[in-house]
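S.K.: Supplied in structure tokens, the structure appears directly below.
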Amino acid sequence: MTPPSLPPELLRRNLPLLCAALALVVTPHWADLPPAFPGFVWLACGWRLAALYRKAPPPSRIGLFLLTLAGAGLVYLHFHKFYGREGGTALFLVGLGLKLLEMRSLRDLYLVVYLALFVAVTEYLFSQSIPIAAHTLGVVTLLMSCLIGLNGGENLGLAGRLRLGAKMVLQAVPVMVVLFLFLPRIAGPLWKLPEDEPGGTTGLSDSMEPGAISRLGLSRETAFRVDFEGAPPPPQERYWRGPVFWKYDGRRWTAGYDQPLPARRPPQTAGASYRYVLTLEPQRRRWVFALETAETFPAGLTRAEDGFLLAAEPIRERRRYLLSSRPAAAFDALSESERRRALQLPGMPDERVRALVDGWLLEDPSADAVAQRALRHFREQPFIYSLRPPAIDGDPIAGFLFETRRGFCEHYAGAFVYLMRVAGIPARVVTGYQGGHWNPVGHFLEVSQADAHAWAEIWIDGNGWTRIDPTAAVAPERIERELAFEADADGAVVFASPVAEALGQRLSSLRGLIREAGLLWDAVDHAWVQWVLAYGPENQGRFLERLGVVDWNRLVYWLTGLLGLLALISFILLWPRGRPVADPALRVYLRVAGKLERQGLVRAPAEGMRDFAARVARSRPDLAESFGRFTALFLAIRYGGVVQPAALERLKALGREIPSRQRGSHQHRGFRDLDAGAEGIAGTTAEAAQHHGPQGPGSRRGHD
Amino acid sequence: MDPVFSRLLETANSVILGKEQPIRLCICCLLARGHLLIEDVPGVGKTTLARTLAALLGLKYQRIQFTSDLLPADVLGSSIYDATTHGFRFHPGPVFNPMVLADEINRSTPRAQSALLEAMEERQVTVEGETRPLPEPFFVIATQNPNTQIGTFPLPESQLDRFLMRIELGYPDPRAERELLMGEERYALLPQLPVCLPAERLLALQSRVRDVHASSALLDYVQSLLHFSRESPLYQNGLSPRAGLALLHAAKAWALMDGRAAVLPEDIQAVLPPVAGHRLKLASGGGGVAETVAPLLRDVAIP
């Protein structure tokens, strides 16, 4: 219905590159949004190109209207709102596609380019990884080249445009670095929308029930990374302590703090000390997973009575902590209320359990011996370590111990603590992470969600709380080895099965290579996280301190100085021929012209001053005389070579006579006459073009 | 406006109807000691314009009809043996008149064209080793048919550059045309015309053009225009320094005609189309004069 009024030549030169850029812009969105949305943009690109090359008609106005409705409906259908991370981004994508289809003027082309830049930025709401940053650079280069094409770069070939675009992006890099380093950082997440879930959709929870941790077991997401000062602890010592559970209700383990625990002195520590920096990924909780047992920690953290560290508020963005840990050596005696909690049971135990424990007690009633006996039981009976244990009806502990015998760490830890309590030994469940990947390239330990773990602690008189990991009895590889397990066909995880071992050997060379590459990538990613993403207010403060900037005022001086320097450089580079308005008469004129501009009388840059005065006189007779005299004097000074200082003073005086506001009743007429005046100018130009030369209204005065 | 010019213009307008602006430019060109090229289809009054001007200025006038067999000697003159003095005597050609109408200049071969064009530039003629000055004032009005017509030798750019201005007359508007159809034979009017601007007066005015003041602000504007024409991708080639001089000089003449002692940006804008139109070529190839100079008039800010 309405063919685009854009010249086809312009489109032929610029559209392919623009469409390529747009298609690339929305490529990462395929991973984050339903395929309909990035797909729509791709489709719009294809349609537009088809319209150009195959002469297929672009959508009519009505078609566009229907498409708009459909797009908005689709967004609502998927997200039930038009804002928020997903909804808002989807709406932007739909808008981008529609605008591409609707382009009718050069202005629309520009708009599409700018909208595309905006859409490229929305990708950071989903991911801030290195590939996305590289993608942004590429996209910006492409869009830059589009703008070059639209701004007189038609004579450049595609390669030339891209080269120039890349050059300009590269030239912007120093500015980017300076802004990145010095622009004040905002505390709080930059890339989160208010109503989003706090970051980290996976992680430990504040209770433990069968299946909670095993779900994490399949997640390869990084939980935290650790840089050690010196050697890392051996694998069997890598227990990262999280929440401790005391209370068991027959199904769930919870902290069970109905009343606060009595204040305890922290345990005394002994042995090797580890100092390390923990880089914690965002999560929903306040826990900071320190190596057992945390000794020193930064000010913002507190140590709970149970020995784990807590931040003041949920950790919504990546944080770094400098910690040191040493194994616990001596505890204060167990208080009565603690003992009561550590022996709590949800009712009478199952008969089979009772009998089992009684048998152990008869052999040797000491706590240590009972614990060892229980571990032996796990080891000797056919217990299997599995990420997908079968569901248990009835009492989960008895069912697990005597029937299914398949479970993940939380089953073993829970059952073990239960058995200890039945035997009258104070025990509790500790959750956290265990192990981690050592990255030999970046020299740091990477702990992923798959390393989430639960273990037990029993109270042994004389020793205090002693860590016992029943999972180690069943699957020692889980504890002592670097994690290397394969999921077998039915989903159960079998550690170090002979089959896997053999396969592993055969594929070892290839896998070694892949593994090497993976480690290298992890190291690069860690550096990116550490140096780029974690550059928040704290790191900035530290960096500036190193530069000698300790307070805000100094930072402001730095910033002003740097920005001033940048401005000066660009001024020199970009404005070599321009000069400030040196002519005082011109300054006066521009001031007066500003007054008129506020009244709607705008002089075009290429319009002669005398022509302008004539136009003003036509549309505003009240100004004709004063502005006419002012202009005449100005022209005499600026062009006629009148140099007396008195003339300038007189000019200023005349300028002051021009009112800066239109008085009362003139308002309406002024505007109407202005239109007429503009037409007059247009008419003059057309006439002039016909007759070889515009005839200024002033010069025509001679005839009148 | 200077009364001398208003009288001149009025009289000319009474002969050539509805062409105030071209006539004005024509006089401006004469005042700036430039030569004029009129490009238009036959029959719109090119010759009448030239003859009217010659009459009004009281100048001796001769017309050269350029044809494909025209020789340089037909323009410049030649020596002929005189039996009475037993020697060669130089018979000056038509170019030795103060006002020369070179009609349909692009119908002749480049050889004949360049003979005239060299004379125009140097204001002297060298024939058979002897240099003879041309009269003062010396004003050439050349006409040419649009290059699209058959049997033309288009003037090269370097030759076009020698004309200060190129104008088009165009068809008269209906009112002027009706008057023309009703009125007398135009040529019959010519002998009755008074001499409005005698040659001595014209020479004096010509020398005053140089004294018209051009401030540095104005020169900035001229340079902006030149710079724009050279930098903009719109044009195949920019304006030459000679074009800049021509522009300034024509604007000075225009200001003088307006009775002013200083050039204004409006003067530059007024003479820009005829001065720059034939010296610029749009990169896109086509385009009339208006289209060619429109970006200069519209996009170059007055500093």
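The values are calculated or read from the model by the stated rules, or taken from the named source; none is laboratory data. Quick caveat, the model's predicted, so the values are computed rather than measured. Using ideal geometry, Cβ is built from the backbone for each residue, glycine included, and neighbour counts are taken over all protein chains shown. What goes into the accessible areas is simple: the full protein's heavy atoms, side chains included, and nothing from ligands, DNA or RNA. Shrake-Rupley method; radii C 1.70, N 1.55, O 1.52, S 1.80 Å.
S.K.: Among the candidates A:Ala21, A:Ala56, A:Ala51, A:Ala36, which residue alone is hydrophobic (A, V, I, L, M, F, W, C) and either open to solvent by less than 20 Å² (accessible area, probe 1.4 Å) or not assigned by TED's automatic domain parsing to the domain that holds A:Leu156 (or both)?
M.R.: Result: A:Ala21 is the single residue among A:Ala21, A:Ala56, A:Ala51, A:Ala36 that is hydrophobic (A, V, I, L, M, F, W, C) and either open to solvent by less than 20 Å² (accessible area, probe 1.4 Å) or not assigned by TED's automatic domain parsing to the domain that holds A:Leu156 (or both).
S.K.: Sticking with this structure for a sec: Are there any pairs, at least 6 apart or on different chains, whose C-beta atoms fall under 7 Å, with the first in the range A:123-136 and within 22 Å of A:Ala166 (Cβ to Cβ) and the second open to solvent by 30 Å² or more (accessible area, probe 1.4 Å) and in a loop (DSSP other than H, G, I, E, B), and if so, which?
M.R.: A:Tyr124/A:Trp191
S.K.: Let me ask another. Evaluate the following for B:Ala250: is it away from chain A (no Cβ under 13 Å) and open to solvent by less than 40 Å² (accessible area, probe 1.4 Å)?
M.R.: no
S.K.: While we're looking at this one, here's another question. Please name all residue pairs, on different chains or six or more residues apart, with Cβ atoms under 8 Å, provided the first residue is in the range B:153-175 and is within 10 Å of chain A (Cβ to nearest Cβ) and the second residue is in a loop (DSSP other than H, G, I, E, B) and among the acidic types (Asp, Glu).
M.R.: Listed pairs, sorted by first residue: B:Glu168/B:Asp40; B:Leu169/B:Asp40; B:Gly170/B:Asp40.
S.K.: Restrict the check to the range B:49-61 and report whether at least one residue is assigned by TED's automatic domain parsing to the domain that holds B:Gln159, in contact with a strand residue (DSSP E or B) (Cβ under 9 Å, 6 or more places away or on another chain), in a helix (DSSP H, G or I) and open to solvent by 10 Å² or more (accessible area, probe 1.4 Å).
M.R.: Of all residues in the range B:49-61, those assigned by TED's automatic domain parsing to the domain that holds B:Gln159 come to B:49-61.
Next, from what is left, pick out any that are in contact with a strand residue (DSSP E or B) (Cβ under 9 Å, 6 or more places away or on another chain): B:49-51, B:53-55, B:57, B:59-61.
Among the residues that remain, those that are also in a helix (DSSP H, G or I) are: B:49-51, B:53-55, B:57.
Okay, now just the ones that are also open to solvent by 10 Å² or more (accessible area, probe 1.4 Å), so B:51, B:55.
Checking the range B:49-61: at least one residue is assigned by TED's automatic domain parsing to the domain that holds B:Gln159, in contact with a strand residue (DSSP E or B) (Cβ under 9 Å, 6 or more places away or on another chain), in a helix (DSSP H, G or I) and open to solvent by 10 Å² or more (accessible area, probe 1.4 Å).
S.K.: Let me ask something additional. Can you find a residue in the range A:319-333 that is under 19 Å from A:Ala452 (Cα atoms), modelled with pLDDT under 85 and surrounded by fewer than 18 Cβ atoms within 10 Å (Cβ to Cβ)?
M.R.: There is no residue in the range A:319-333 that is under 19 Å from A:Ala452 (Cα atoms), modelled with pLDDT under 85 and surrounded by fewer than 18 Cβ atoms within 10 Å (Cβ to Cβ).
S.K.: Can you go through A:Arg61, A:Arg107 and tell me which one is free of Cβ contacts under 8 Å to residues at least 24 places away in the same chain and closer than 28 Å to A:Leu147 by Cα?
M.R.: None of the other options fit; the residue is A:Arg107.
S.K.: Of the residues A:Leu67, A:Leu111, A:Leu170, only one is in contact with a Pro (Cβ under 7 Å, 6 or more places away or on another chain) and open to solvent by 40 Å² or more (accessible area, probe 1.4 Å); which?
M.R.: A:Leu67
S.K.: In the range A:35-43, is there at least one residue being assigned to a helix (DSSP H, G or I) and under 22 Å from the mean Cα position of the chain (by Cα)?
M.R.: Scanning the range A:35-43, I find at least one residue that is assigned to a helix (DSSP H, G or I) and under 22 Å from the mean Cα position of the chain (by Cα), so the answer is yes.
S.K.: Please enumerate the residues belonging to the range A:626-638 that are among the hydrophobic types (A, V, I, L, M, F, W, C), open to solvent by less than 20 Å² (accessible area, probe 1.4 Å) and within 13 Å of chain B (Cβ to nearest Cβ).
M.R.: A:Phe634, A:Leu635
S.K.: Among the residues of the range A:105-135, write down those that are hydroxyl-bearing (Ser, Thr, Tyr), assigned to a helix (DSSP H, G or I) and over 13 Å from the mean Cα position of the chain (by Cα).
M.R.: The answer is A:Tyr110, A:Tyr114.
S.K.: Condition test on A:Leu91, is it in a helix (DSSP H, G or I), open to solvent by 60 Å² or more (accessible area, probe 1.4 Å) and not assigned by TED's automatic domain parsing to the domain that holds A:Thr222?
M.R.: yes
S.K.: Has the range B:261-270 got any residue that is facing chain A (nearest Cβ under 9 Å), over 21 Å from the mean Cα position of the chain (by Cα) and open to solvent by 30 Å² or more (accessible area, probe 1.4 Å)?
M.R.: Checking the range B:261-270: at least one residue is facing chain A (nearest Cβ under 9 Å), over 21 Å from the mean Cα position of the chain (by Cα) and open to solvent by 30 Å² or more (accessible area, probe 1.4 Å).
S.K.: Still on this structure: If I ask for residues that are closer than 30 Å to A:Gly564 by Cα and either surrounded by 14 or more Cβ atoms within 10 Å (Cβ to Cβ) or modelled with pLDDT of 85 or more (or both), which ones from the range A:149-167 would you list?
M.R.: Matches in the range A:149-167: A:Arg163, A:Leu164, A:Gly165, A:Ala166, A:Lys167.
S.K.: Which members of the range A:346-385 meet the condition of being open to solvent by less than 50 Å² (accessible area, probe 1.4 Å), assigned to a helix (DSSP H, G or I) and not small (Gly, Ala, Ser)?
M.R.: A:Val353, A:Leu356, A:Val357, A:Trp360, A:Leu361, A:Val370, A:Arg373, A:Leu375, A:His377, A:Phe378
S.K.: Any chance you could count how many residues in the range B:277-293 are aliphatic (A, V, I, L, M), crowded, with 20+ Cβ neighbours inside 10 Å, within 11 Å of chain A (Cβ to nearest Cβ) and more than 15 Å from B:Pro22 (Cα to Cα)?
M.R.: Residues flagged as aliphatic (A, V, I, L, M), crowded, with 20+ Cβ neighbours inside 10 Å, within 11 Å of chain A (Cβ to nearest Cβ) and more than 15 Å from B:Pro22 (Cα to Cα) within the range B:277-293 amount to 1.
S.K.: Can I ask one more? Being without any contact (Cβ under 8 Å) to a residue 40 or more places away in the chain, open to solvent by 20 Å² or more (accessible area, probe 1.4 Å) and assigned by TED's automatic domain parsing to the domain that holds B:Glu179 narrows it down to one residue among B:Glu39, B:Glu10, B:Glu104; which is it?
M.R.: It is B:Glu10.
S.K.: Only one of these conditions is not met by B:Ala102: (1) within 22 Å of B:Ala32 (Cα to Cα); (2) not in a strand (DSSP E or B). Which number is it?
M.R.: Here B:Ala102 meets the rest and fails (2).
S.K.: Consider the range B:202-233. How many of its residues are part of a helix (DSSP H, G or I) and open to solvent by 30 Å² or more (accessible area, probe 1.4 Å)?
M.R.: So the answer is 13.
S.K.: Here's another thing I want to ask about it. When you go through (1) open to solvent by 30 Å² or more (accessible area, probe 1.4 Å); (2) in contact with a Ser or Thr (Cβ under 8 Å, 6 or more places away or on another chain); (3) farther than 20 Å from A:Leu69 by Cβ one by one for A:Gln128, which number turns out not to apply?
M.R.: Going through (1) open to solvent by 30 Å² or more (accessible area, probe 1.4 Å); (2) in contact with a Ser or Thr (Cβ under 8 Å, 6 or more places away or on another chain); (3) farther than 20 Å from A:Leu69 by Cβ one by one, A:Gln128 breaks only (2).
S.K.: Follow-up. Give the residue, chosen from B:Glu179, B:Glu136, that is under 20 Å from B:Thr47 (Cα atoms), modelled with pLDDT under 85, open to solvent by 80 Å² or more (accessible area, probe 1.4 Å) and acidic (Asp, Glu). Break it down stepwise before answering.
M.R.: Details: B:Glu136 fails: under 20 Å from B:Thr47 (Cα atoms).
None of the other options fit; the residue is B:Glu179.
S.K.: For the range A:554-606, give me each residue that is farther than 30 Å from A:Pro645 by Cβ, within 14 Å of another protein chain (Cβ to nearest Cβ) and either modelled with pLDDT of 85 or more or surrounded by 11 or more Cβ atoms within 10 Å (Cβ to Cβ) (or both).
M.R.: A:Val602, A:Ala604, A:Ala606
S.K.: In the range A:616-625, which residues are open to solvent by 20 Å² or more (accessible area, probe 1.4 Å) and touching a residue at least 24 places away in the same chain (Cβ under 8 Å)? Don't jump to the end; show me each part of the working.
M.R.: Here is the first cut: in the range A:616-625, the residues open to solvent by 20 Å² or more (accessible area, probe 1.4 Å) are A:617-618, A:621-622, A:624-625.
Answer for the range A:616-625, where residues must be open to solvent by 20 Å² or more (accessible area, probe 1.4 Å) and touching a residue at least 24 places away in the same chain (Cβ under 8 Å): A:Arg618, A:Asp622.
S.K.: Mind counting the residues in the range A:39-48 that are open to solvent by less than 90 Å² (accessible area, probe 1.4 Å), within 25 Å of A:Gly149 (Cβ to Cβ) and at pLDDT 90 or above? If you could, list the steps in order and put the result at the bottom.
M.R.: Looking only at the range A:39-48, we keep the residues that are open to solvent by less than 90 Å² (accessible area, probe 1.4 Å), and these are A:39-41, A:44-46, A:48.
Of the ones still in play, those that are also within 25 Å of A:Gly149 (Cβ to Cβ) are A:40-41, A:44-46, A:48.
From what's left, at pLDDT 90 or above: A:40-41, A:44-46.
Of the residues in that region, 5 qualify.
S.K.: A further question follows. Give the residue that is nearest to B:Glu136 (Cα to Cα), with candidates limited to residues of the range B:62-78 that are open to solvent by 30 Å² or more (accessible area, probe 1.4 Å) and in a strand (DSSP E or B).
M.R.: B:Gln62
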